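The values are calculated or read from the model by the stated rules, or taken from the named source; none is laboratory data. Predicted model only: the values in this text are computed from it and were never measured. Counting neighbours? That spans all protein chains shown, and the Cβs are built from the backbone with ideal geometry, glycine included. The area values use the complete protein model at the heavy-atom level, side chains included, leaving out ligands, DNA and RNA. Shrake-Rupley method; radii C 1.70, N 1.55, O 1.52, S 1.80 Å.
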Amino acid sequence: MTHSTSLSQTALKTLWLAVVLLVLDQLTKYWANTGLTLGEPVAILPHLNFTLVYNYGAAFSFLADMGGWQRWLFTGLALGVSGALLFWLSKLPKVWSAETVGINLILSGAIGNVIDRILFGRVTDFVDFYIGSWHYATFNVADMAINIGAGLLILSEFWLKPRREKRAVQRDES
């Protein structure tokens with residue numbers, strides 16, 4: 001088996017999902033930047049606005065006012081995590097699972113926000129969920145992908161895999 005054939009038998013074959021989500025993230029950010037006015041909410045549904053904001057930090061604007069070095073720190077961290085996720089996918093079988101989908105979601109979100117940081121020095125956010133006067137941190141498609149992906153990995157690692165392993169042991173014992 002050649003090296004390229006062996007890679008085609010891994011979960012790297014599922015990377016098209018990350019690419020599709022990355023394109024969706026970039027298209028929605030482009031739309032937000034060209035179709036919305038900075039800081040002006042547009043009501044979409046009860047408790048949901050589209051409001052263009054720029055995040056110079058990380059989640060919840062963590063380290064946003066630190067003078068710019070954080071841009072490269074978060075870019076480096078995201079690229080390192082992305083490399084680790086690609087390696088992880090290369091070690092998994094070519095099977096759709098919560099683990100594979102979760103990795104693809106996190107990878108697409110990490111790269112989507114890295115593109116913003118490299119090109120613009122900030123991340124474009126526009127999804128504004130609120131209840132009354134309380135507003136959750138404004139986010140984007142990349143952030144949604146990262147959070148859903150993390151949830152899928154937690155589900156996989158702490159619930160699905162242990163159940164599969166337990167069933168395998170029970171089969172081996174019978």
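Got a sec? Which of I146, I106, I154, I111 is over 30 Å from P41 (Cβ atoms), at pLDDT 95 or above and of a type outside the set (K, R)?
I154
Looking at R71 and the list (1) open to solvent by less than 40 Å² (accessible area, probe 1.4 Å); (2) modelled with pLDDT under 95; (3) in contact with a Gly (Cβ under 7 Å, 6 or more places away or on another chain); (4) of a type outside the set (F, W, Y), which single condition is not satisfied?
R71 satisfies every listed condition except (1).
Looking at L89, L85, which is the one that is open to solvent by less than 30 Å² (accessible area, probe 1.4 Å), closer than 19 Å to L153 by Cβ and either in contact with a strand residue (DSSP E or B) (Cβ under 9 Å, 6 or more places away or on another chain) or not in a helix (DSSP H, G or I) (or both)? Before the answer, list the steps.
Values: L85 fails: either in contact with a strand residue (DSSP E or B) (Cβ under 9 Å, 6 or more places away or on another chain) or not in a helix (DSSP H, G or I) (or both).
None of the others qualify; the one that does is L89.
If I filter region 1-40 down to residues being at pLDDT below 90, of a type outside the set (G, A, S) and out of contact with any Leu (no Cβ under 8 Å at 6 or more places or on another chain), which single residue comes out as farthest from A142 (Cα to Cα)?
Per the stated criteria, the residue is M1.
Just give me the residues in region 121-161 being surrounded by fewer than 20 Cβ atoms within 10 Å (Cβ to Cβ), under 20 Å from L36 (Cβ atoms) and without any contact (Cβ under 8 Å) to a residue 40 or more places away in the chain, in sequence order.
The answer is H135, Y136, M144.
When you look at I111, is it in contact (Cβ under 8 Å) with a residue 60 or more places away in the chain, out of contact with any Asp or Glu (no Cβ under 9 Å at 6 or more places or on another chain) and open to solvent by less than 50 Å² (accessible area, probe 1.4 Å), yes or no? Walk me through how you get there before you give the answer.
Details: in contact (Cβ under 8 Å) with a residue 60 or more places away in the chain: yes; out of contact with any Asp or Glu (no Cβ under 9 Å at 6 or more places or on another chain): no; open to solvent by less than 50 Å² (accessible area, probe 1.4 Å): yes.
When the stated conditions are applied, I111 does not pass them.
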